[in-house]
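Asker: Can you read through this structure? Questions will come right after.
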Amino acid sequence: MSNEILYILLPDFASHEMAYLMEAISSDERCLKPNPKYVNKIVAPSLEPVAAIGGFRVLPDYSFEDMPNDYAALVIIGGYGWLTPAAEAVEPVVRKAIAGGKIVGAICNGASFMAKAGLLNEVKHTGNGIDQLKQWGGDAYTNPEGYVHQQAVSDGGIVTANGSGVLEFTRELLMLLENDTSEKIDMYYQFNKQGFCTLFPG
């Protein structure tokens, strides 16, 4: 199995939704890992730079046409691009990932895209509220009883989260990937959730 984690970005993606996960993959509590277990790679519609909501641009490693078949996980980052025709090319990619038993993460509008594609019908899940999942999903979304109103949900190798559940999304994916010990993963989560001064009072 390849050790690459593929992040799917569409134009106007939400950059904050991948920052903590990418950092945890590449570094430990002190510095960059000399031999990380996984490697972060960006997938976009083409190899042209893709712009975040905030305006900065990221140079993709792969396009949808040349992305590898073998990878460790597929992570669907939210943003406004999921409201555009560019999202249509992603559905077969995600279906193939799920059929192949890959770990799949989807956050914010990425989770709503999963509902629209009927890809949340067999798992417990969350997202930007049940109303948005129903609105985006329409007739393809047949599992509203599987919705759980919490920041992130992991079930059947699929992790979903709402747009404010970035740290919970990160924690669940790191656990599935066994990126580190559960204690270190939880410490990373707590440090960023609670803050230095709460964990280490002066």
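Asker: Give the peptides 112-118, 73-79 in descending order of average Cβ contacts within 10 Å, highest first. Please report the intermediate quantities before stating the final value.
Answerer: Values: 112-118: 24.3, 73-79: 26.4.
By packing density, highest mean first, the sequence is 73-79, 112-118.
Asker: Using per-residue counts of other Cβ atoms within 10 Å, averaged over each peptide, order 169-176, 128-135 from highest down. Could the numbers behind the result be given before it?
Answerer: Details: 169-176: 24.6, 128-135: 16.4.
Ranked from most to least packed, the peptides come out as 169-176, 128-135.
Asker: Note down the net charge around MET18, summing +1 for each Lys or Arg and -1 for each Asp or Glu among other residues with Cβ under 15 Å from its Cβ.
Answerer: Values: positive: LYS41, ARG57, ARG171; negative: GLU4, ASP12, GLU17, GLU23, ASP61, GLU168, GLU172.
Residues near MET18 contribute -4 overall.
Asker: Through the Karplus equation 6.51 cos²θ - 1.76 cosθ + 1.60, θ set to phi - 60°, convert the phi angles of the range 196-201 into ³J(HN,Hα) values in whole Hz; use x for Gly and Pro.
Answerer: Along the range 196-201, the couplings run 4, 5, 6, 6, 10, x Hz.
Asker: Strictly over 30 Å apart at the Cα level, which of LYS134/LYS184; LYS37/LYS116; LYS37/LYS96 would you flag in this model? Spell out each step's value before the answer.
Answerer: Numbers: LYS134/LYS184 37 Å; LYS37/LYS116 33 Å; LYS37/LYS96 24 Å.
Checking Cα-Cα distances, LYS134/LYS184; LYS37/LYS116 exceed 30 Å.
Asker: Per residue and in cubic angstrom, what volume does the convex hull of the Cα atoms of the range 89-174 have? Walk me through the intermediate numbers first.
Answerer: Details: hull volume 6.8 nm³, N = 86.
Hull volume over Cα atoms, normalised by residue count, gives 79 Å³.
Asker: If you don't mind, there's one more thing I want to ask. Full-extension gain between GLN150 and VAL39, please, as 0.36 nm times their residue separation minus the C-alpha to C-alpha distance.
Answerer: Values: separation 111, 0.36 × 111 = 39.96 nm, distance 2.86 nm.
Length gained between GLN150 and VAL39: 37.1 nm.
Asker: Only one of the values (i) 25, 21, 16; (ii) 35, 17, 15; (iii) 21, 19, 17 was calculated from this structure for semi-axes √(5λ) of the Cα gyration tensor in Å; name its label.
Answerer: Step by step, semi-axes √(5λ) of the Cα gyration tensor in Å for this structure corresponds to label (i).
Asker: For the range 2-45, how big is Rg over Rh, using alpha carbon atoms and the Kirkwood form of Rh? Display every interim value, and only then the final one.
Answerer: Working: Rg = 11.6 Å, Rh = 11.4 Å.
Value, to two decimals: 1.01.
Asker: What does the charge add up to near TYR188, with Lys and Arg as +1, Asp and Glu as -1, over the other residues with Cβ less than 15 Å from its Cβ?
Answerer: Working: positive: ARG30, LYS33, LYS37, ARG171, LYS184, LYS193; negative: GLU23, ASP28, GLU29, GLU168, GLU172, GLU178, ASP180, GLU183, ASP186.
With Lys, Arg at +1 and Asp, Glu at -1, the neighbours total -3.
Asker: Find, among the GluC sites (Glu not before Pro) in the range 18-94, those assigned to loop by DSSP (not H, G, I, E, B) with at most 13 other beta-carbon atoms within 10 angstrom.
Answerer: GLU29, GLU65
Asker: Also: Using label points projected 7 Å from each Cα along Cα→Cβ, tell me how many nm separate PHE196 and LYS96, to one decimal.
Answerer: Result for the modelled spin labels: 4.4 nm.
Asker: Report the Cα centroid-to-centroid distance between the range 89-155 and the range 162-197 in angstrom, as an integer.
Answerer: Taking the Cα centre of each part, the range 89-155 and the range 162-197 sit 21 Å apart.
Every number in this text was worked out from the coordinates using simple rules, so none of it is lab data. Computed from a predicted structure; not experimentally measured. Here the Cβ is made from the backbone with ideal geometry for all residues, glycine too, and neighbour counts use every protein chain on show.
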